[in-house]
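Visitor: Please see the structure below; I have some questions.
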Amino acid sequence: MRKNPYVPFKAAIRGIRRETGDVSTFLLEPESGLPPGAPGQFNMVGYPGVGEAPISLSRVPMEGSDLLEHTIRAVGRVTYFLSAFRQGDEIFLRGPFGRGWPVNEAGGKHLVLISGGLGLAPIRPVIQMSDKLQARRITLLHGARDPGSVIFKTEFRHWRKKGIDVRLTVDEPGGGWRHHAGMVTEIVRELQIRPAETVAFICGPEIMMRFAADELFLKDVPGSSVYVSPERRMRCGMGLCGHCQHGVWFVCKDGPVFSYPELKGYPDALF
Amino acid sequence: MNGENTSQKNYEILISRQQLASWVEGLRENFQLIGPVGVKDEAEFREVFSFDEINPGYRSTMLPPGKTFLLKPEEEILSFDITPEGPVAKEPPLPHQKRVLFGVHACDTHAILYLDKVFLGAFPDPLYRARRENTLIISLNCRAVTEFCFCHLVGAGPFLKAQSGYDVLLTDMDGEFLVELKSERARKLFRIEGRPPEEKDWKRKEEMELELLKSFSKDFRADGLREVFLSRPDHPALRETAEGRCLSCANCVMVCPTCFCHDIYDETRVSRTGIKRMRRWDACQDYSFARVHGGNFRQERQARLRQFVFHKLDYEGQFGVKGTVGCGRCIRWCPTGIDLTEIAKEMMK
């Protein structure tokens, strides 16, 4: 972090992968000084004149490459503006901010990763470091709206090779879809687990996180072993602007990853 | 504290109003002097040129002194020059104006300590920090309260008990002023000969506060709100107030001395040669405050009013202190007279 935490770092776009119609992954080479970050953390990504938006790291720089990645859906002022950028252009980053996934807790456990839609993006760095987690078993349960909106499609084969049990579902199947059809909660329900030896990281729409967590609770997984990453409006990323406040928390600096009991009971959320 | 501690003696002194006036006016040599001007609860903190302009008996102001002068309503936090190589970030110059905030009541002093927790925490805000360091805070114990005040119920007044984080504490002792020096720089700046306070003076100060405590009209129990708040977030007291009276005008937030929320937005110069990144006070009462793509976490007016009430009266876990200092401004300046203490009372019934 710089002395003035509002000053952004430049990052050169080294490549862009189109994931779906409106989702692209930007491969970014930041100027020196930007800390690499950890799985579950986010950067404020933007461009002067347009503004900044909080975007999760979908790849954390690791040995062999300094590139980081952000997977962005063009839906708002900032993200729509960025969707016009091409390889070689520069964007601006501040961060990384927040508390990421408690990856150390996966050691010796069955790590259950549950994601919905773009929620797979902040889960992806956990998968990428899976060989370092010393988890007994890793399962990824991923749901999307339809086959065309599944992101990181080309990577599932590689993840399976690493020993990760990848299970997919879509709400609206079609065109040769060979996996489960239905909500992600259904494939959570089918999962065989030993509740005391399970830790779960969930990211997706809030209602999906709620019901996926409920399925785990029905299997007697303790609340404190279930982690979620809620989305909130953010302007600063540092607990100053106040927009992301939820109960006593600043989602940006106390989260975005929370254990389920930390969020339970506060109004204006589904947890 | 009773003044018997010898090491403290030199830091506590009784002086005349005239001595105080000439000391404060003397500060103008190096500081811009800001003080309360006007009467009752409609005074205003602004620059003054002589002590006579200040009304030490003022009861309240619409805008709180701390937030107004330390976190300006709107300011540039960064700018970008547009160059052939792309935008280049430029930090704004740090504010260097030395300032005295004179006559800050206990509630408003506590509010500044609260803002410190926000803006001088893990990510210190450079502009806030510079202003904070350049500002001498001379606090003043209240001699009268408004019908809206409830500092006594939340541990923020009416007499200031905090021992640090500000510079001087004054108490108007009917003709004399008790001066308590609370910072090293205050001890350096204050070189007035006076009378050391005696036991009877401290006793008199205590009696004055006890007397003042009798004049408050607000009354609610601040403890135990937590369970009620979280178990009944849709309590009729909240719902009916929100739906029947709240205009979402955000007056409550704007006048609140602890409300720190702000928006950050970019302004491009018409000539397209530069961009300013601005911040401006924002309010949880605004419809779009908690909106994200695909949803709004506080779409209903009730949810927005609840956020204000809960943040002020509960959610102590956030900074270890309540979000309210009991100044009563949100009640005084609500166009429909919404009173968070009444909502709390209804919910506790």
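Visitor: Using the reciprocal of the averaged 1/r over all distinct C-alpha pairs, how large is the Kirkwood radius of segment B:6-213 in Å?
Guide: 18.3
Visitor: Let me make sure I get this right: for chain A, a, b and c are the square roots of the gyration tensor eigenvalues over alpha carbons, sorted descending. Under 1.5 in a/c it's rounded, otherwise prolate if a/b > b/c, else oblate. Which is it?
Guide: Since a/c reaches 1.5 and a/b is larger than b/c, the shape of chain A is classed as prolate.
Visitor: Let me ask something additional. How many nm separate the modelled label positions at A:LYS3 and B:ARG272, each set 7 Å beyond the Cα in the direction of the Cβ?
Guide: With each label point 7 Å from Cα toward Cβ, the separation is 3.4 nm.
Visitor: Output ³J(HN,Hα) for segment A:179-184: one whole-Hz value per residue in order, computed from phi by the Karplus curve 6.51 cos²θ - 1.76 cosθ + 1.60 with θ = phi - 60°, and x for Gly and Pro.
Guide: Running phi through 6.51 cos²θ - 1.76 cosθ + 1.60 with θ = phi - 60° gives 9, 5, 10, x, 7, 5 Hz.
Visitor: Using modelled backbone amide H atoms (1.01 Å from N, in-plane), which distant-in-sequence or interchain residues come within less than 5 Å of A:ALA135's amide H?
Guide: A:GLY108
Visitor: Taking only Cα atoms, what is the 0 to 90° angle, nearest 10, from helix A:206-218's long axis to the longest principal axis of chain A?
Guide: Taking Cα atoms only, the helix is inclined about 30 degrees.
Visitor: What number of lysine-lysine pairs in segment A:103-263 show an alpha-carbon separation below 21 angstrom, given a sequence spacing of 8 or more or placement on distinct chains?
Guide: 8
Visitor: Picking from A:PRO261, A:PRO96, A:PRO122, which is most flexible by a Gaussian network model of chain A using Cα springs under 10 Å?
Guide: Greatest mean-square fluctuation among the candidates belongs to A:PRO261.
Visitor: Follow-up question, since we're still on this one. For segment B:23-82, which GluC sites (Glu not before Pro) pass both filters: DSSP loop (anything but H, G, I, E, B) and at most 16 other C-beta atoms within 10 Å?
Guide: Listed in order of number, the matching sites are B:GLU29.
Visitor: Moving on to the next point. Which ³J(HN,Hα) values in Hz, rounded to whole numbers, follow from the phi angles of segment A:147-157 under the Karplus curve 6.51 cos²θ - 1.76 cosθ + 1.60, where θ = phi - 60° and Gly and Pro get x?
Guide: Karplus values, whole Hz, x for Gly and Pro: x, x, 9, 7, 8, 6, 3, 6, 9, 4, 4.
Visitor: When the helix-only estimate is applied to chain B (DSSP H runs of n ≥ 4, each -39,500 (n - 2.57), divided by the residue count), what is the mean residue ellipticity at 222 nm, nearest 500 deg cm²/dmol?
Guide: -9000 deg cm²/dmol
Visitor: Something else: Give the lysines reachable from B:LYS200 as a straight Cα distance under 23 Å; neighbours fewer than 8 places away on the same chain don't count.
Guide: B:LYS9, B:LYS161, B:LYS182, B:LYS214
Visitor: What are the lysines whose alpha-carbon lies under 18 Å from the alpha-carbon of B:LYS67, with same-chain residues fewer than 8 places away excluded?
Guide: Excluding near neighbours in sequence, the set is B:LYS98, B:LYS117, B:LYS312, B:LYS322.
Visitor: Hey, another quick one. Among the lysines, select those whose C-alpha is under 16 Å from the C-alpha of A:LYS10, and discard any that sit fewer than 8 residues away in the same chain.
Guide: Partners within reach: B:LYS90.
Visitor: Taking the Cα centre of the protein assembly as shown as the origin and placing charges on Cβ (Lys, Arg +1; Asp, Glu -1), which of B:TYR58, A:ALA106, B:VAL37 is farthest toward the positive end of the dipole?
Guide: A:ALA106
Visitor: Using modelled backbone amide H atoms (1.01 Å from N, in-plane), which distant-in-sequence or interchain residues come within less than 5 Å of A:THR198's amide H?
Guide: HN-HN under 5 Å from A:THR198: A:HIS110.
Visitor: Looking at B:PRO257, B:GLY317, B:GLN302, which one has the Cα that reaches farthest to the positive end of the dipole of segment B:225-348 (charges on Cβ: Lys, Arg +1; Asp, Glu -1)?
Guide: Among B:PRO257, B:GLY317, B:GLN302, the one farthest towards the positive end of the dipole of segment B:225-348 is B:PRO257.
Visitor: Between beta-carbons, use under 9 Å as the cut-off and find the net charge around A:VAL50, counting Lys and Arg +1, Asp and Glu -1.
Guide: For residues surrounding A:VAL50, the net value is -1.
Visitor: Say a paramagnetic label sat at a point 7 Å from the Cα of A:ARG14, along Cα to Cβ; which residues of segment B:71-101 have their backbone N under 13 Å from it?
Guide: none
Visitor: Something else: Taking loop as defined by DSSP and a crowding limit of 13 other beta carbons within 10 Å, which trypsin sites (Lys or Arg not before Pro) in segment A:45-113 fit?
Guide: A:ARG86
Visitor: Here's something else I'd like to know. Please give the calculated 222 nm ellipticity per residue for chain A, where each DSSP H segment of at least 4 residues contributes -39500 (n - 2.57) and the sum is spread over every residue; nearest 500 deg cm²/dmol?
Guide: Computed ellipticity for chain A at 222 nm equals -4500 deg cm²/dmol.
Visitor: Read phi for every residue in segment A:38-55 and hand back ³J(HN,Hα) as whole Hz from Karplus 6.51 cos²θ - 1.76 cosθ + 1.60, θ = phi - 60°, with x for Gly and Pro.
Guide: Residue by residue, segment A:38-55 yields 10, x, x, 7, 9, 10, 7, 10, x, 8, x, x, 10, x, 10, 9, x, 10 Hz.
Throughout, read-outs are computed from the coordinates displayed, never taken from laboratory work. As the structure is a prediction and not an experimental result, all values here were calculated from the model. Note that we place each Cβ from the backbone using ideal geometry, even for glycine, and neighbour counts take in every protein chain shown.
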